[in-house]
Amino acid sequence: AVVLSNPCNPTGVVTDGKVLARISRACEKAGVWLILDNTYEYFTYNKHCPHVCLEAPHIVNIFSFSKAFGMMGWRVGYIAYHRSLRNSLLKAQDTIPICPTQISEKMALGALEAGREWVLSKLPSLVRNRDLLLEALKPLHVIGGQGAIYLFVELPEKYRNHDMKVVKWVANTHKVGLIPGSSCGAPGYVRVAFANMVGPDMQRAAARLKKAVAQLVDPKESPTF
């Protein structure tokens, strides 16, 4: 199977609908499943590149309430699949000794009733957060920003093999938490999240990150590992 996260974690990239269709056709031709992770479906910031959800017998769509409705830890989601998969999925579900609690199900029902408009009302604050971080990261090459809640940042060349050490240094010296790209299969990068902080807190975090970046790119001030 081919698994694709769209919008993507960790990069924040939104896969264009035409590209997604090409991937789907390639999977169909090869006789493999295409599993689409749509967890961040509502988190798109560019009207020219919206989230696209495909439908076909070889496609399985995965959805979650965790991010869109702030229900991390409530463990509720759902899948959309071709009817030919039903019996196989029931077999898998039968062996899973856990299930959503009633309170999680009631929360999910409330989220469905609130609908997408509730989520969209929260996006402007995320856009402001993203823009603050983009400004702080300007000297570096940044991937993403079109969707999800992440930016994927390429480190200066001298640190390409030291992303974990950079993350520890930024945390200890500048009090900002990042995720090393090596934990995502992409050494030499770091993932920066722009959710869960608002107003002054995000401004302080962006200012700290800007100082860290300035130090990393300055030959006289850059740390040595």
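Report the Rg/Rh value for region 57-216, based on alpha-carbon coordinates and the Kirkwood definition of Rh.
On the way: Rg = 19.6 Å, Rh = 18.4 Å.
When Rh is taken as the Kirkwood radius, the ratio is 1.07.
How big, on average over all directions, is the shadow cast by the Cα convex hull of region 171-225, in nm²? Each step should come with its number before you reach the end.
Numbers: hull surface 17.6 nm².
Reported value for the Cα convex hull: 4.4 nm².
With a Förster radius of 45 Å, plug the Cβ-Cβ distance of Met72 and Thr224 into 1/(1 + (r/R0)^6) and report the FRET value to the nearest 0.05.
0.75
I'd like the distance between the alpha-carbon centres of region 93-171 and region 1-27, rounded to an integer number of Å.
Each part's Cα centre sits 17 Å from the other's.
Given R₀ = 45 Å, FRET efficiency for Leu134-Lys29 by Cβ-Cβ distance, to 0.05?
E between Leu134 and Lys29, to the nearest 0.05, is 0.70.
If each Cα of region 1-110 is one equal point scatterer, what is log10 of I(q)/I(0) from the Debye formula at q = 0.24 Å⁻¹?
For region 1-110 at q = 0.24 Å⁻¹, log10 I(q)/I(0) is -1.34.
I want to check a number: in region 1-143, how many lysine pairs have alpha carbons closer than 20 Å, given a sequence separation of 8 or more or different chains?
5
Select from region 27-100 those trypsin sites (Lys or Arg not before Pro) which occupy a DSSP coil region and have at most 16 other Cβ atoms within 10 Å, ordered by residue number.
Listed in order of number, the matching sites are Lys47, Arg75.
Measure off 7 Å from each Cα along the Cα-to-Cβ vector at Glu117 and Ala80, then give the distance between these two points in nanometres to one decimal.
Modelled inter-label distance: 2.1 nm.
With both bridge residues required to lie in the chain, what share of the DSSP beta bridges run antiparallel, to the nearest 5%? If you can, show how the numbers build up before the last one.
On the way: 16 of 24 bridges.
Approximately 65 percent, going by the DSSP bridge assignments.
So what's the convex hull volume per residue for the Cα atoms of region 116-186, in Å³?
Here the figure is 111 Å³ per residue.
Just Val213, Val190, Val19 to compare: in a GNM of the chain, with alpha carbon springs under 10 Å, which one fluctuates most?
Val19
Want the number for Arg160 to Asn46: 0.36 nm per residue separation, take away the alpha-carbon distance, what's left?
Values: separation 114, 0.36 × 114 = 41.04 nm, distance 2.99 nm.
Once the chain is fully extended between Arg160 and Asn46, it gains 38.1 nm.
How much of the DSSP beta bridge set in region 33-94 is antiparallel, as a percent to the nearest 5?
On the way: 4 of 8 bridges.
In region 33-94, approximately 50 percent of DSSP beta bridges are antiparallel ones.
The numbers here are math on the coordinates, done by the rules we state, and not lab data. Source: prediction; values computed, not measured. Cβ sites come from the backbone with ideal geometry, for glycine too, and all protein chains shown count toward neighbours.
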